[in-house]
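Have a look at the structure below, then the notes.
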Amino acid sequence: MSEARSRLDPEPLPRRDALGLFARWSAFATSIFATLGLLKLVKPGVLPSPSKRFRVTLPESLAPGEPFVVPGRPVVLVRDAAGVCAVSRVCTHLGCIVQPNASGFECPCHGSRFAADGSVLKGPAPKPLRWLALSSLGGGTFVIDESASVAPGTKVKG
Amino acid sequence: MTSPALSRLAENLRAAPRRLRDTMLRSGKPDSDRTRSAFVFGNVFLHLHPARVHRWSLRPAATMGLGIITLAAFLVATVTGILLMVYYKPYPESAYTSIKDIHFVVPTGRFIRNAHRWSANLMVVGVLLHMARVFYTAAYRAPREFNWVIGMLLMAVTLGLSFTGYLLPWDQLAYWAVTIGANIAQSPREVTDSLGITRWFDPGGLQKELLLGSDQVGAEALIRFYLLHIMVLPLALVLLLAVHFWRVRKDGGIARPADADQRLGPVSAHPLFTQPQQKTWSLAALVKGRTPVVGKGPENTLPSMPHLLYAEGAALMLAAFASVGLAVLADAPLKELANPAVPENPAKAPWYFLGLQELVSYSAFMGGIGIPTIVILGLGLIPFLDREKEGTGLWFGGPGGARLVGTSAAFGLAAVVGIELVAIRFGWIREWWPGAPQLLITAINPGTVLAAAYGLFSAWLVRRHQSTRAGALGLFTCFAVGFVVLTIVGVHFRGPNWQFYWSHSDWPLH
Amino acid sequence: MRFYKHLLLWSSLGTLAVLGWAAFAENVLSDWRRAQTEARSRLPAAEAADFTVELRQIVIPELGITDRCTSCHLGMAPGERGVAGDKLLAPHPPVVHDPGSFGCTTCHAGQGRATAAADAHGNVEHWPEPMLPRKYLYASCGACHTHLAVPNMALLEQGRAALERNDCLACHRVDGRGGTARPGGAGGLEGLDLSRAGARGVRADWLEHHRRQHAAATDGPWRSAFGELGADDRQAIEAFLSSRVGAPGLVEAKALFHSLGCRGCHAVGGVGGADGPDLTRVAQKGPNERSFAGVRGEHTMANWFKEHFRAPARVTPGSLMPELRLTEEQIDELTFYLFSLRRTAVPDAFHPRDRVRAEKLGEREFAVDGATLFGTFCAACHGPDGQGMRYPGLPPFPAIASPDFLELASDELISETVKRGRTGRRMPGWGEQEGGLRPAEIEAVVRHVRLLGGGVQPVSDGRPRRWARGDALEGGRIYGAQCASCHGAHGQGAEGPMLANAVLLRTASDSYLAGTIARGRRGTSMAGFATPAPARPALSGGEIESVVTYLRTWEKSQ
């Protein structure tokens, strides 16, 4: 202990404080690990919405070419001689639901217009409406998968 | 050819990271007392700490870190609570299922919910132990009287937070516990009904209606409890904590005995002051002149950075460890969905209220309002009644000391076990005299008898030791033991219809 | 300070370890993750590459269903083809109701929101609806299909026997039996699959249609395998087919319920007695709401029900339900039926036809022919053949199909007794108050009772209703000596029926009373007092008249 020193002077280099070092770093590591781990909570483990696959039975009275709006889903089914197709009613611009009209579909949000086969007639929609994967269960019942797209023009007999 | 201005610009850009670090951490490497003081003093998160702290306060036995542990539990509860709010839905039709979802599908949800529950319990336990520590070290004495009162308010808010959170899962446990709690809030009616004045003066009914927003526990109660739990009470708590910590600083830090320096022995830290002090370490010194260092020596303080920060860090991490450890070991309870048509039997309040519920089973008013009021008044008066000086800062300090505390504990235990034995074995007044007026039972019941016994014992102690502190030591110890025993009875020995059973396996199935 | 450094270090490491363990347990050890990684290893390579390990669930907001069963039972998700025979990848067996439209817990019960196996299967504390055992699975039809109209066992058996006897199963498949597979036949079968004929409906002219086909055919099964059908057989077959809804076990169990007279004491769906608890939603109470103190064996609802059938008073202390001495098979079937008594609250749009017809149009869920009605409401007390019942510890129940009784009792007496009951006694009133029967139904019961007695019609002796003018005092003396020991000193009834009963005295004619006293009732303790016996002389007509007069005095005092 040096008499001449004051407490305002830096301490002489102490022997390495391994314990303190480990303690601090482990506390720090734990805090980081905890923070990162806790942040995992915010991303949902499972989306709470109903399944994207659903069944629908077409009414027998449906005229060929007449769009059948599936109740409760943004999908329209059209049956004609070639078969049945499912077209998504989600506008490719910003996601509003388009309504069928005389020549196809129109979107109430920004005025996009689509033809009956989903192709864009008037923007701002950048892409045509999606055609959805469809499979037949027989007897006019079909399974539609909203999460799966197929090439436009694909029809399924059933 | 680069102009001087451009090369200066480039140089500044290169130096930017180092400069960023330097401007962030301006006090420099904390390796001398000045730089260490500046580290604490100049940091927005740390400057509530004193720059230097007395060696006595740093001893584990001085405070056992209980205040910090309680704070840490609150912080864990807050963080986990905010995360839970992302998924919890405070409406009767979705609350229960949202908790189930948190348990089963939310990533880390089960862990976080458990941690929340355990840290909340830890906070309640911590607050009670901290209060006991402050009492037993007589740290409520001048100048710390008001901080003791703030501490009592903090305890009340802590219990309020725990109770409001209890309802949120909306399961059978929650629903009926709150039904009981609300009826305890209504218990002044026991008195106003016997006096026949309920029609004009009904504080009981008012309390219950304010709590529940209705006459029954339902959607209104859930929203009110949710609001209290996530917003009102946490804000109140933070406000009170700010005052509480500020007061600790203003009052000169942790209470210590007048001869603390002698008790501590020589300093081994580097180095002693060789020059008289020209500066003080606290702003308050200018006004009050009461700092650790001004005009005094030998030096018995240590820099907060790193000593106090290590101590606090350790306490924080210990509390965190306890919370997460318990979280992986035991799930927070969740019973069936709340069903107003099917009462839980027994319907038990949260554990910290079970001692009161035990007393409520004898008299609703005394257990719900009477005894709690006595306790609150008693606790609140302690610093104003005990203005002695002997023993401040020492465990069980004061006339009588640890021996007195031991004796009081024994007396308290005997009294509470005795009165419980009588009440359980023989019943109480109504069983012996069915026509007894309710006011008689309100006045004379196990709760009041116990309180009277403790009070008389305490008065006897005051006379014997000629000291208020001795009486206070005795009274506090008796009530503490009484609280513990009644809580144990409520938790373990009460079954359906609040009958006494030696063990859970003896309960008749409904 | 070393102390604090150590404390900080070890607490930190401890916390880190705990957090690491928690992360590991959740991301590697959870049931559903392990199930999915295991299942992925069994998928063909192309599908395995596409397969993501993630939670899967069926969500049906209208029914409040969020079923995560498909996180482990991967093959059963809607739209999945699955891998047959695999424990986790197997597709759902073909059933009427698509799990994608109704969820899993609607039929299987259990805790749909759970993702740990034990919690999901529901056999845990604090979950009131554990999964139904596989053999009782069709009981959950009763959650929505609350009012399937079902006759009693005898009629069901008759229909089944008629179906088999007339060789209908040569072409038609019913409940997995019968039918000849032939290419080109409807659904691969020669004749229609009739397992759900009751749900779809049977055309009214089915027999005429068969006859036409038979007449028009020149060869093949229509020519050779079809024969003529009697009217009785036709009726029985039609009744049987209308009960075919694809849940044969449940229908049989319900038929058994409608043969043992359980509704005599227990109301279901608002119709039935009030002596025992209402059973309409008996399956909604889970094992944690029931006392298992007197139950031997495991603490499941199935076992509770069975033990209750074996010894009601042991399982429910204070229960008045007698031990019915049922066979284990019957107990099993009745347990099956009880599991169907769930009547879950579902949105109106999900109410099936039978429920709508019953709740809105007032149709019954039991067949309304006399035999079924008797079997449903009367058989437990009066015996399946109306011969009366004697349960240990209980006073006997009267034999109402006794020919002696039926000869003397008018239809009015029987139907009034049924309608009003016997006040103060165990026979409740079955009139059209809550839980009662309609007048047409009561008439059907009366007719059936007569049938049970051998078709005995009442014989009138031409006298007016009240003709007794004997000596009441004398009658009282005789009554005290001869009758009081069985019928009670004041006619309040003991071993014998209560005679001082308002309903009896109002509906019974003097001839009925006198005739019963004179003839007695064979097969019961009531002797014929007109004939002498070793212990007493015969009563003369005048003495009997006096007794009747005495009995009538009780009428005025009521």
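Which of the residues that make up the stretch C:433-458 are within 21 Å of the chain's Cα centre (by Cα) and of a type in the set (D, E, K, R)? Scanning the stretch C:433-458 gives C:Glu434, C:Arg438, C:Glu441. Total residues in the stretch B:61-74 satisfying the condition of being on the phi < 0 side of the Ramachandran plot, more than 14 Å from the chain's Cα centre (by Cα) and open to solvent by 20 Å² or more (accessible area, probe 1.4 Å): the figure is 2.
Against the definition (out of contact with any His (no Cβ under 8 Å at 6 or more places or on another chain), among the small types (Gly, Ala, Ser), at positive phi and within 11 Å of another protein chain (Cβ to nearest Cβ)), how does C:Gly79 come out, yes or no? So C:Gly79 passes the test.
Checked against the criterion of being within 28 Å of C:Glu545 (Cα to Cα) and not in a helix (DSSP H, G or I), the candidates C:Arg469, C:Arg450 yield just one match: C:Arg469. Here the condition is being over 18 Å from the mean Cα position of the chain (by Cα), open to solvent by 20 Å² or more (accessible area, probe 1.4 Å) and of a type in the set (Asp, Glu); of A:Asp80, A:Asp145, it holds for A:Asp80 alone.
For the stretch B:323-337, what are the residues that are assigned to a loop (DSSP other than H, G, I, E, B) and within 12 Å of another protein chain (Cβ to nearest Cβ)? Even if it seems obvious, please write down each step before you answer.
Within the stretch B:323-337, the first condition is being assigned to a loop (DSSP other than H, G, I, E, B), and the residues that meet it are B:330-336.
Selection gives B:Asp331, B:Pro333, B:Leu334, B:Lys335, B:Glu336.
Going by the structure shown, is C:Ala236 assigned to a helix (DSSP H, G or I), open to solvent by less than 30 Å² (accessible area, probe 1.4 Å) and farther than 30 Å from C:Arg182 by Cβ? No: the conditions fail for C:Ala236. Taking the criterion of being in contact with a Gly (Cβ under 7 Å, 6 or more places away or on another chain) and of a type in the set (A, V, I, L, M, F, W, C), the residues of the stretch C:530-550 that qualify are C:Val547, C:Val548.
Name the residues in the stretch B:221-255 that are outside any helix (DSSP H, G or I), open to solvent by 30 Å² or more (accessible area, probe 1.4 Å) and over 15 Å from B:Ile68 (Cα atoms), would you?
First pass over the stretch B:221-255, keeping only residues outside any helix (DSSP H, G or I): B:251-255.
The next check asks that each one be open to solvent by 30 Å² or more (accessible area, probe 1.4 Å); those that pass are B:252, B:254.
The one that is outside any helix (DSSP H, G or I), open to solvent by 30 Å² or more (accessible area, probe 1.4 Å) and over 15 Å from B:Ile68 (Cα atoms): B:Gly252.
Take residues that are open to solvent by less than 50 Å² (accessible area, probe 1.4 Å) and under 24 Å from C:Ala530 (Cα atoms) and tell me which of the helices (runs of 4 or more DSSP H) falling wholly in the stretch C:374-432 contain 2 or more. Steps first, answer last, please.
Working: elements: C:379-382, C:403-408, C:411-420.
In the stretch C:374-432, C:403-408 are the helices (runs of 4 or more DSSP H) which contain 2 or more residues that are open to solvent by less than 50 Å² (accessible area, probe 1.4 Å) and under 24 Å from C:Ala530 (Cα atoms).
Of all the criteria given as (1) outside any loop (DSSP other than H, G, I, E, B); (2) surrounded by fewer than 20 Cβ atoms within 10 Å (Cβ to Cβ); (3) within 14 Å of chain C (Cβ to nearest Cβ), the one not satisfied by B:Leu318 is (2).
For the residues B:Arg133, B:Arg141, the requirement of being charged (D, E, K, R), in the same structural domain as B:Asp331 (by TED's automatic domain parsing) and outside any helix (DSSP H, G or I) singles out B:Arg141. Got at least one residue in the stretch C:152-163 being open to solvent by 20 Å² or more (accessible area, probe 1.4 Å), touching a Leu at 6+ places or on another chain (Cβ under 9 Å) and away from every other protein chain (no Cβ under 14 Å)? Checked against the condition, which is being open to solvent by 20 Å² or more (accessible area, probe 1.4 Å), touching a Leu at 6+ places or on another chain (Cβ under 9 Å) and away from every other protein chain (no Cβ under 14 Å), the stretch C:152-163 yields at least one hit. For the stretch C:331-371, give me the residue count where each residue is open to solvent by 50 Å² or more (accessible area, probe 1.4 Å) and part of a helix (DSSP H, G or I). The number of residues fulfilling the criteria is 9.
In the stretch A:121-158, which residues are hydroxyl-bearing (Ser, Thr, Tyr) and either under 14 Å from A:Val90 (Cα atoms) or more than 14 Å from every other protein chain (Cβ to nearest Cβ) (or both)?
To start, the set of residues in the stretch A:121-158 that are hydroxyl-bearing (Ser, Thr, Tyr) comprises A:135-136, A:141, A:147, A:149, A:154.
Residues satisfying the conditions are A:Ser147, A:Ser149, A:Thr154.
Specify which of the listed residues (B:Glu420, B:Glu431) is surrounded by 13 or more Cβ atoms within 10 Å (Cβ to Cβ) and among the acidic types (Asp, Glu). Don't jump to the end; show me each part of the working.
Details: B:Glu431 fails: surrounded by 13 or more Cβ atoms within 10 Å (Cβ to Cβ).
When all the criteria are applied, what remains is B:Glu420.
Are any residues in the stretch B:156-184 part of a helix (DSSP H, G or I) and touching a Leu at 6+ places or on another chain (Cβ under 6 Å), and if so, which ones? B:Val157, B:Gly160, B:Leu161, B:Thr164, B:Ala174, B:Val178, B:Ala182, listed by residue number. Residues of the stretch C:240-268 that are part of a loop (DSSP other than H, G, I, E, B) and more than 26 Å from C:Leu320 (Cβ to Cβ): C:Ser242, C:Ser243, C:Arg244, C:Val245, C:Gly246, C:Ala247.
Residues in the stretch C:97-150 that are among the polar types (S, T, N, Q) and either under 20 Å from the mean Cα position of the chain (by Cα) or within 14 Å of chain B (Cβ to nearest Cβ) (or both): C:Thr105, C:Gln111, C:Thr115, C:Ser140, C:Thr146. Every condition in (1) at pLDDT below 90; (2) out of contact with any strand residue (DSSP E or B) (no Cβ under 6 Å at 6 or more places or on another chain); (3) away from chain C (no Cβ under 11 Å) holds for B:Val342 except the one numbered (3). Within the stretch B:59-82, residues that are closer than 13 Å to B:Ala132 by Cα reach partners that are of a type in the set (Phe, Trp, Tyr) and part of a helix (DSSP H, G or I) with beta carbons closer than 8 Å, at six or more positions or on different chains, in the pairs B:Ala62/B:Trp56. Note on the stretch C:14-30: residues that are part of a loop (DSSP other than H, G, I, E, B) and facing chain B (nearest Cβ under 9 Å) amount to 0.
Taking the criterion of being open to solvent by 50 Å² or more (accessible area, probe 1.4 Å), in a loop (DSSP other than H, G, I, E, B) and farther than 21 Å from B:Gly313 by Cα, the residues of the stretch B:1-60 that qualify are B:Met1, B:Thr2, B:Arg26.
Just to be sure, is C:Arg310 without any contact (Cβ under 8 Å) to a residue 24 or more places away in the chain, under 24 Å from C:Leu132 (Cβ atoms) and more than 14 Å from chain B (Cβ to nearest Cβ)?
Working: without any contact (Cβ under 8 Å) to a residue 24 or more places away in the chain: yes; under 24 Å from C:Leu132 (Cβ atoms): yes; more than 14 Å from chain B (Cβ to nearest Cβ): yes.
Yes, satisfied.
Per the listing A:Gly45, A:Gly65, A:Gly118, the residue uniquely more than 14 Å from chain C (Cβ to nearest Cβ), open to solvent by less than 40 Å² (accessible area, probe 1.4 Å) and assigned to a loop (DSSP other than H, G, I, E, B) is A:Gly118.
Being farther than 28 Å from C:Val418 by Cα and of a type in the set (D, E, K, R) narrows it down to one residue among C:Arg536, C:Arg552, C:Arg522; which is it? Give the derivation first.
Working: C:Arg552 fails: farther than 28 Å from C:Val418 by Cα; C:Arg522 fails: farther than 28 Å from C:Val418 by Cα.
Criteria check complete, one pass: C:Arg536.
Considering the stretch C:261-311, the residues that are surrounded by 18 or more Cβ atoms within 10 Å (Cβ to Cβ) and β-branched (Val, Ile, Thr) include one that is farthest from C:Gly142 (Cα to Cα), namely C:Val295. Those helices (runs of 4 or more DSSP H) of the stretch B:416-510 in which 2 or more residues are touching a Ser or Thr at 6+ places or on another chain (Cβ under 7 Å) and among the polar types (S, T, N, Q) occupy B:438-443.
Of the residues making up the stretch C:518-538, just one is of a type outside the set (Phe, Trp, Tyr) and surrounded by 21 or more Cβ atoms within 10 Å (Cβ to Cβ), namely C:Met526.
The values are calculated or read from the model by the stated rules, or taken from the named source; none is laboratory data. Everything numeric in this text was worked out from a predicted model, so none of it was measured. With ideal geometry, Cβ positions are generated from the backbone for all residues, glycine too; neighbour counts draw on all protein chains shown. Heads up: the accessible areas ignore ligands, DNA and RNA and are worked out on the full protein's heavy atoms, side chains in. Shrake-Rupley method; radii C 1.70, N 1.55, O 1.52, S 1.80 Å.
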